[in-house]
Amino acid sequence: MKAPLLALILISIGNSLHAQEKIRTIDLTNRVMYASIDRPGDFYTIGLTGEIRRYDRDGNVTLIHKPDFIPTIFDPRDGARLFIYDRQSQRYQFLSPSFEPLATFDVEPSFAVQPWLVCPSGDFKLWILDKADHSLRKVNMRNAEVELEAVDPVLSADGITTMRDYQGFLFLLDPAEGIHVFNALGKRIRTLEIPGLRTFNFLGEELYYVRDNHIEFFNLFTTEYRRLKIPDGYTDALLTDERMTLIAPDRIDIFPFAP
């Protein structure tokens, strides 16, 4: 079932960043491919060469990691057990905060014919998107068993660029269509129609992303929608209860923030 954003409840936020004092600007020498944030508030940028930089809440670089591949998916999760997946090698790892491997696994061929994306679900489970039959499978890593399998015949797996599990939902991003939202059983419950979207993140009960000089928020449980105006030129945002980090092609700006 599709739920166009125009059908959702629009709640406008009147405050603007123009009146807020910027905490810091970080000039970028290399373009950021995408960025992510962990639960404590450290944020990470992934460059076009695959280099991962971790910053603290005030924008200080605390670690630089250069994997041998460009991560297909990188999810810092709670900051203590990071997740990284490489489609080319069909390998995924859990990493320590210092990016030392805690555990490394190959995607079992019995789990998927053509694995396209893999993401964690809690501490001991994985979602696998199989390009061969457009199926989603949830795998229990402790006993190496498929717990559930769901097929979405209209889902074009090779168009999906990222996949994340959050608050009992699964989110698949297709830049041509938007964000497909699935429940815990792998059934699609709605599509947020946002063509051209490159990335999204979460804060509390809300999913958020940048579009048309706004951060747009979608409440996962009430389906309410609200917007926050931001200055021109930003392509991504990372939010905590205290910081708003805005990413432009040439810089990162950090502002104070209260949800």
Could you identify which residue out of Ser110, Ser156, Ser98 has the top mean-square fluctuation in a GNM of the chain using Cα springs shorter than 10 Å?
Ser110
Most mobile of Gly178, Gly122, Gly79 in a GNM of the chain (Cα contacts under 10 Å):
Gly122
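How big is the shadow of the Cα convex hull of the range 74-217, averaged over all directions, in nm²?
8.8
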What is the diffusion coefficient of the range 28-98 in µm²/s, taking the Kirkwood radius over Cα pairs and the Stokes-Einstein relation at 10 °C with a viscosity of 1.306 mPa s?
130
Where in the range 115-194 are there chymotrypsin sites (Phe, Trp or Tyr not before Pro) that are in a DSSP coil and have at most 15 other Cβ atoms within 10 angstrom of their Cβ?
Phe124
Semi-axis lengths, Å, the range 126-166, gyration tensor of Cα atoms, sqrt of 5 times eigenvalues
19, 12, 8
Positive end of the charge dipole of the range 5-256 (Lys, Arg +1 and Asp, Glu -1 on Cβ, about the Cα centre): tell me which of Ser98, Leu63, Leu170 has its Cα farthest that way.
Leu63
Under the definition of Cα pairs under 8 Å and six or more residues apart, what whole-number percent is the relative contact order of the chain?
19
In square nanometres, what is the average projected area of the Cα convex hull of the range 5-256?
13.0
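Rule-based calculations on the coordinates, nothing more; no lab input. For clarity, every value in this text was computed on a predicted model and none was experimentally measured. Glycine also receives a Cβ, built like all others from the backbone with ideal geometry; neighbour counts cover every protein chain displayed.
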